[in-house]
Amino acid sequence: MREAGRTFSIVLTFCIMFAFWMILTAWTVYLPEPYDIFKVSSRGVLAALIVTFLTYEIFVPNKGKNVLLKIRRFIPYVAWELWQIYLATIDVTKRVFGILPVDPRIIEFDTTLRSDFALVTFANSITLTPGTITIDVDPERGIYIVHAIAKEPADSLTVDQTMQKKVGHVFMEE
Amino acid sequence: MLAIEVISTVFLAAGAFFMITGTAGLLKFPDFYTRLHATGKADTLGQILIIVGCMIYEGFSFITIKLLLVSAFYLLVGPTGTHALIRAAYVTGVPVWKKGDNRM
Amino acid sequence: MGPGTFNRIVAANVIGTKAIVLLIIAGYIIERPQFIDIALMYAAIAFIGTIIIAKYAERGELCSR
């Protein structure tokens, strides 16, 4: 959207930290009825100020082209992700009870994603899908080393490539 | 009030069952990498189901928002810890099990 | 369970995960809702502990200078 200056970073970080403090200490501070709101919130303001001045440089991202469009496409991806977590746990219970076999192997493949946030999201999704865990990521060429537990989950990553298309659609193949 | 109690009991029982199965996999699997598969995935989902069961029982108040924070934090953090462990083991040189070897 | 360092780290991680759930349920039984804060703190500390021990087992030292 635009370049984040120093004042904008400090103000945004302070608002988020203060809202977080208010959520965490709500019932002991705000619920008993007769109070004076400035005297009671002063502890929260002090704590939020200390944390803001320690971490304001790394909290707000400095560059990024269409942040609002990415956030709007991210939410259906999270919903699909929760469904995959449920399938992954059913898969693990089937392998424990002996219905499906255990035959592990290590595979490598590469993608077209290059930015930091896209690589991290894809590695997290591989760990949450049934049957695969990420071992190593090479950020220059986009090569993933993955440990798979049988032949079918390994095929769904290299041959079908459903997850690469979804992540590429969210971040516009960046 | 009976419907809310029945639904939350179902969620709690399912979460406990998935956690027990994940730990049974920890005992049964023959290799370090496959054991990490079992605990990393089954523990994360079992914990989320148990906390969602507690959330349904409570209704809508401040406690529900705090429980939602705990479960969202663990959903982000669990797979990252699993990945850090498996990468440390791979670089150091723990052997990988192929089908037909002895149990390690 | 199996010899070596890494199997023991996995066991410590599993015990930490179950301890978080037990803290929340114990908070419900005793009817003091302040136990949820303790569970959140313990989750953060267990995560950081696991990552530090994994980094030490990989390199042999913590900060290279």
Considering segment A:67-170, what Rg and Dmax in Å follow from its alpha-carbon atoms?
-> 14.2, 46
Work out, step by step, the length gained on full extension between B:Thr80 and B:Glu5: first 0.36 nm times the residue separation, then minus their alpha carbon distance; give nm to one decimal.
-> 23.6 nm
Between the DSSP loop rule and a limit of at most 16 other Cβ atoms within 10 Å, which GluC sites (Glu not before Pro) in chain C are left?
-> C:Glu31, C:Glu61
Convert each backbone phi in segment B:42-49 into a coupling constant with the Karplus relation 6.51 cos²θ - 1.76 cosθ + 1.60 (shift: θ = phi - 60°), then list the ³J(HN,Hα) values in order as whole Hz, x for Gly and Pro.
-> 6, 5, 5, 5, x, 5, 5, 5
Using the alpha-carbon centroid of each, what span in Å lies between chain C and segment B:27-95?
-> 11
Beyond 28 Å (Cα-Cα) in this structure, taken from B:Lys28/C:Lys18; A:Lys165/B:Lys28; A:Lys151/B:Lys28, we find A:Lys165/B:Lys28
Name the residues of segment C:1-36 whose amide N is less than 15 Å from a point 7 angstrom out from the Cα of A:Arg43 along the C-beta direction?
-> C:34
Over all directions, average the projected area of the Cα convex hull of the protein assembly as shown and note it in nm².
-> 21.4
Which loop-located trypsin sites (Lys or Arg not before Pro) does segment B:9-104 contain, where loop means any DSSP state but H, G, I, E or B and the Cβ has at most 13 other Cβ atoms within 10 Å?
-> B:Lys98, B:Lys99, B:Arg103
How big, in percent, is the set of alpha carbon pairs in chain C lying more than 13 Å apart?
-> 68
Computed on Cα atoms only, the convex hull of chain B has an orientation-averaged projected area in nm² of 7.7
Point-charge dipole on Cβ atoms (K/R +1, D/E -1) for segment A:67-170, about Cα centre, debye to 20 | 400
Degrees separating the helix C:5-30 axis from the principal Cα axis of chain C, which is the longest one = 10
Considering the dipole of chain B built from charges on the beta carbon (Lys and Arg +1, Asp and Glu -1) around the Cα centre, which of B:Ile50, B:Ala14, B:Ala88 is farthest to its positive end?
-> B:Ala88
For A:Ile71 and B:Lys98, what is the calculated FRET efficiency with R₀ set at 30 Å and r taken between the beta-carbons, to the nearest 0.05?
-> 0.10
Once phi is turned into ³J(HN,Hα) by the Karplus curve 6.51 cos²θ - 1.76 cosθ + 1.60 with θ = phi - 60°, what whole-Hz value does each residue of segment B:79-88 show in order, with x for glycine and proline?
-> x, 5, x, 4, 5, 5, 5, 6, 6, 5
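We did not get these values from a lab; they are worked out from the coordinates using the rules stated. In this text the structure is predicted, and so the values were computed from the model without any measurement. A quick note on method: Cβ atoms are made from the backbone with ideal geometry, for glycine too, and the neighbour counts reach across all protein chains shown.
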